[in-house]
1. Those residues that are buried (at least 24 other Cβ atoms within 10 Å of the Cβ) and more than 11 Å from Arg19 (Cβ to Cβ), I need them from the range 38-60; list them, please.
2. Kindly list, by first and then second residue, each pair from a residue in the range 80-92 that is free of Cβ contacts under 8 Å to residues at least 24 places away in the same chain to a residue that is surrounded by 23 or more Cβ atoms within 10 Å (Cβ to Cβ), limited to pairs with Cβ atoms under 7 Å and residues at least 6 apart or on different chains.
3. Considering only helices (runs of 4 or more DSSP H) fully contained in the range 123-168, which possess at least 2 residues that are within 30 Å of Ala97 (Cβ to Cβ) and free of Cβ contacts under 8 Å to residues at least 24 places away in the same chain?
4. If you check Gly17 against the conditions, is it more than 25 Å from Leu93 (Cα to Cα) and without any contact (Cβ under 8 Å) to a residue 24 or more places away in the chain?
Amino acid sequence: MSDETGNRDELLAEAVGLRTRGEHERARRELVALAAAYPDDVEIAYQTAWVHDLLGLEAEAVPYYERGLGGPGLSDEDRRGALLGLGSTFRVLGRYAEAVDTLRRGAEEYPDDGAFRTFLAMALYNTGDHHDAMRLLLTLLAETSDDPSVRRYRRAIAHYAQDLDETV
């Protein structure tokens, strides 16, 4: 490993440690400097986006999320986090169509991750697509709930998730 890569790794670990310990503003300053020094580094971009989100700086987070997702190299876990973070951030910013597109892509890539379907349902609600939002949430509820009363009616909930307007 070259000294430059070693230094990068140490500086990134230090900044992530600051974020983990709740020193978000200090972590943000260090990550912004790292992102400027390593503009093509997708991991640094993702970590920089994450800390901006933690600080409520959603608009500033977007370009870092996009940079992080724009090239290869993110671990599967970080890619999942970046897609969810970007989709959620778009929704918070009122960029609902972009939120739906991003969260739908995440739900397709990670079909077992209920968080994508949950946030996608919220974004669909924001676009006025209440039917699909309810369908997603009811399906997720039927599939994942451990509540005994929900489990008892799982088949009915799953059935009506497909068409809430159905009557006898």
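Nothing in this text is a laboratory measurement; each read-out follows from the coordinates by a stated rule. Everything numeric in this text was worked out from a predicted model, so none of it was measured. Ideal geometry is used to build each Cβ from the backbone, glycine not excepted, and the neighbour counts take in all protein chains shown.
1. Ile44, Ala45, Tyr46, Ala49
2. Short answer, once both residue conditions are applied: none.
3. So the answer is 130-144, 154-162.
4. Yes, satisfied.
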